[in-house]
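The values are calculated or read from the model by the stated rules, or taken from the named source; none is laboratory data. Keep in mind that what you see is a predicted model, and the values were worked out from it rather than measured. Don't worry about glycine lacking a Cβ; one is built from the backbone with ideal geometry, like all the others, and counts go over all protein chains shown.
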Amino acid sequence: MTESNRNIVQAVFDASANEDWDTVKSLLHDDIVVIEAESLPYAGEFKGPESFIALNQKVSGSWEDTKTRVDNLIADGDHVVVLGNLSGRGKSTGQAFSVPLAAVWRLEEGRVREVRPFYFDTKLMHDAYYG
């Protein structure tokens with residue numbers, strides 16, 4: 001199950017990068033929830049597959065030259081920890097940012113049920129977005 005969960009999370013990243021939203025939806029639990037930091041332009045709780053996809057598009061659309069790099073996926077039981085980096089530039093400020101991130105993904109019934117991303121420096125991201 002652990003390796004399978006790791007593969008499911010990788011498949012979400014791969015399908016998202018290709019904007020293959022039907023595949024993404026097939027990998028998400030109907031009750032998925034993503035919780036983003038309050039200081040970010042896409043703060044809050046996002047519930048359901050459609051909200052997951054909208055959030056994904058909002059994150060990419062909030063920045064210019066957005067890049068998400070996945071360095072490692074660590075799986076244990078129903079959890080997968082994603083270690084990587086998010087970089088981009090604020091659209092209105094032009095200010096660049098690059099922050100390490102860790103995200104805890106929880107799977108249930110073979111589909112992604114919860115995602116909690118943790119960015120190393122949300123202030124840097126906030127300042128890049130708002131100035």
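Apart from one condition, residue 59 fits all of (1) surrounded by 15 or more Cβ atoms within 10 Å (Cβ to Cβ); (2) touching a strand residue (DSSP E or B) at 6+ places or on another chain (Cβ under 6 Å); (3) free of Cβ contacts under 8 Å to residues at least 40 places away in the same chain; (4) outside any loop (DSSP other than H, G, I, E, B); the exception is (2). Of all residues in segment 1-29, which are exposed (fewer than 13 other Cβ atoms within 10 Å of the Cβ), in contact (Cβ under 8 Å) with a residue 40 or more places away in the chain and not in a helix (DSSP H, G or I)? 1 - this is the single residue of segment 1-29 that is exposed (fewer than 13 other Cβ atoms within 10 Å of the Cβ), in contact (Cβ under 8 Å) with a residue 40 or more places away in the chain and not in a helix (DSSP H, G or I). Kindly provide the set of residues from segment 17-50 that are among the hydroxyl-bearing types (Ser, Thr, Tyr) and more than 15 Å from residue 112 (Cβ to Cβ), ordered by number. Residues satisfying the conditions are 39, 42. Looking only at segment 90-112, decide whether some residue is under 19 Å from residue 11 (Cβ atoms), touching a residue at least 12 places away in the same chain (Cβ under 8 Å), out of contact with any Asp or Glu (no Cβ under 9 Å at 6 or more places or on another chain) and among the polar types (S, T, N, Q). No, because not a single residue in segment 90-112 is under 19 Å from residue 11 (Cβ atoms), touching a residue at least 12 places away in the same chain (Cβ under 8 Å), out of contact with any Asp or Glu (no Cβ under 9 Å at 6 or more places or on another chain) and among the polar types (S, T, N, Q). Looking across segment 76-112 at every residue that is part of a strand (DSSP E or B) and among the basic types (Lys, Arg), the one that is nearest to residue 53 (Cα to Cα) is identified as 111.
Each row is one residue, and each column tells you yes or no for (1) surrounded by 17 or more Cβ atoms within 10 Å (Cβ to Cβ); (2) closer than 25 Å to residue 5 by Cβ; (3) within 12 Å of the chain's Cα centre (by Cα).
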position	(1), (2), (3)
48	no, yes, no
64	no, no, no
74	no, yes, no
104	no, yes, yes
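Restricting the search to segment 75-85, which residues are in contact (Cβ under 8 Å) with a residue 24 or more places away in the chain and among the hydrophobic types (A, V, I, L, M, F, W, C)? The answer is 75, 80, 81, 82. Restricting attention to segment 57-70 and to residues that are among the charged types (D, E, K, R) and within 19 Å of residue 15 (Cβ to Cβ), the residue that is modelled with the lowest pLDDT turns out to be 58.
Would you mention how many residues in segment 106-130 are within 12 Å of residue 41 (Cβ to Cβ) and surrounded by fewer than 14 Cβ atoms within 10 Å (Cβ to Cβ)? Can you show your working first?
Start the filter on segment 106-130 by keeping residues that are within 12 Å of residue 41 (Cβ to Cβ), which leaves 122, 125-130.
Now restrict to residues that are surrounded by fewer than 14 Cβ atoms within 10 Å (Cβ to Cβ): 130.
Of the residues in that region, 1 qualify.
Restricting attention to segment 9-36, report how many residues are in contact with a strand residue (DSSP E or B) (Cβ under 9 Å, 6 or more places away or on another chain) and within 17 Å of residue 69 (Cα to Cα). Going through segment 9-36 one residue at a time, the tally reaches 6.
When each of 33, 12, 59 is tested for being in contact with a helix residue (DSSP H, G or I) (Cβ under 7 Å, 6 or more places away or on another chain) and among the aliphatic types (A, V, I, L, M), the lone residue that passes is 12.
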